[in-house]
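Contents: one structure, followed by commentary.
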Amino acid sequence: MPLDHSRATATISVTGLALGCLNPATRNWEVAIIRAPGHVLRITVDKVAADGTSSDITFEVDNQHRIFITAANAVVPENQLFKAEHFDRLNPGESDLEDIRFLVDFGTEFEGSQQLQLVPPNSGVTQLFVSQPTVYADAERQLDNMRLLNLTAGTERQFGTVAQFCNADIECNEGGAVILQVEGPLGFSMNLPRIAGHRHHIRIDNSCPPGVVPPGQPTDFNQYFSVVRLPSGETFDLRTVEGPQGSGAVCNKGIVTSVGTLSPLGG
């Protein structure tokens, strides 16, 4: 069955250089936001009032902070990672585009993924923990007809459609609320109460400005392989069918389904 977003109290969207995984012990969606040079981490909260009006507030967050999104009186989802009955990255028209598998999964996409190592980046990470969410790909922001470049072997192959954003819905019962808490020297907390018929939106963006990566050079996607080490030592990049090496795949959010925590990346 397709997802029903009308029941969500808040939706969280994450894009940019970041890896996510589901921790089965805590039922948290863990995200390691990689603080690479040239990237700015921004949180934008679209808070809805009872009359349906909304207002946006944007914050910049440095690497001395951690982000927690929790819920009071939450509805516990049965399946936290949304997977449809049929998935085919090469034939997206035959699939539900919200299937979590449209995100690049470093735990399944590459040979030796099951034996990958997580290595803390020199630039550090900002940790994000999302409690009791249903996690899925953003169907509206995807790149089609991508090709995967093996930068080590100098080969490439068809890869298909890739989601650029990872979304998560948190549903609360009546009287409940989603709480955004940024912990650190300039920390703050914000309550987003359940309002029937309306949905708050938290957008977390760790992107670099357009044009930072010159055409024909490896994009930020290649930076994932400095923290996700495959046994073969191979590194990869993505490009559009029509574009030069590395084009069209800058700062796409990734996931790692072969691990239960991203704690080895630090925070």
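Take the residues in the stretch 85-108 that are free of Cβ contacts under 8 Å to residues at least 24 places away in the same chain and surrounded by 15 or more Cβ atoms within 10 Å (Cβ to Cβ), then tell me which one is farthest from GLY233 (Cα to Cα).
If we take residues in the stretch 85-108 being free of Cβ contacts under 8 Å to residues at least 24 places away in the same chain and surrounded by 15 or more Cβ atoms within 10 Å (Cβ to Cβ), then SER95 is farthest from GLY233 (Cα to Cα).
Within the stretch 126-145, which residues are buried (at least 23 other Cβ atoms within 10 Å of the Cβ) and either of a type in the set (Val, Ile, Thr) or modelled with pLDDT under 95 (or both)?
THR126, VAL130, THR134, VAL135
Return yes or no: is PHE68 open to solvent by 20 Å² or more (accessible area, probe 1.4 Å), among the hydrophobic types (A, V, I, L, M, F, W, C) and touching a strand residue (DSSP E or B) at 6+ places or on another chain (Cβ under 8 Å)?
The answer is yes for PHE68.
Tell me the strands (runs of 3 or more DSSP E) entirely within the stretch 156-267 that contain at least 3 residues that are of a type in the set (Lys, Arg) and closer than 20 Å to MET146 by Cβ. Reasoning before the result, please.
Details: elements: 166-170, 172-183, 188-193, 200-207, 236-240.
Fully inside the stretch 156-267 and qualifying: nothing.
Consider GLU171 carefully, then state whether it is farther than 21 Å from LEU118 by Cα, surrounded by fewer than 20 Cβ atoms within 10 Å (Cβ to Cβ) and charged (D, E, K, R).
no
Residues of the stretch 1-25 being touching a residue at least 12 places away in the same chain (Cβ under 8 Å) and surrounded by fewer than 20 Cβ atoms within 10 Å (Cβ to Cβ), which ones?
PRO2, LEU3, HIS5, SER6, ARG7, SER13, ASN23, PRO24, ALA25, listed by residue number.
Considering only residues that are open to solvent by 10 Å² or more (accessible area, probe 1.4 Å) and touching a residue at least 60 places away in the same chain (Cβ under 8 Å), which ones fall in the stretch 178-191?
ILE179, GLN181, GLU183, GLY184, PRO185, LEU186, GLY187, PHE188, MET190
Those residues that are of a type outside the set (Asp, Glu) and surrounded by 16 or more Cβ atoms within 10 Å (Cβ to Cβ), I need them from the stretch 30-58; list them, please.
Taking the stretch 30-58 as the starting set, the residues that turn out to be of a type outside the set (Asp, Glu) are 31-45, 47-50, 52-55, 57-58.
Residues satisfying the conditions are VAL31, ALA32, ILE33, ILE34, ARG35, ALA36, HIS39, LEU41, ILE43, VAL45, LYS47, VAL48.
Listed here are the residues, each with its yes/no results for (1) under 13 Å from VAL162 (Cα atoms); (2) within 13 Å of the chain's Cα centre (by Cα); (3) of a type in the set (S, T, N, Q).
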residue	(1), (2), (3)
ARG89	yes, no, no
ARG101	yes, yes, no
VAL119	no, no, no
GLY124	no, no, no
VAL135	no, yes, no
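The values are calculated or read from the model by the stated rules, or taken from the named source; none is laboratory data. Worth saying up front: this structure is predicted, and the values here are computed from it rather than measured. A quick note on method: Cβ atoms are made from the backbone with ideal geometry, for glycine too, and the neighbour counts reach across all protein chains shown. Quick note on the areas: whole protein, heavy atoms, side chains included, nothing else; ligands and nucleic acids left out. Shrake-Rupley method; radii C 1.70, N 1.55, O 1.52, S 1.80 Å.
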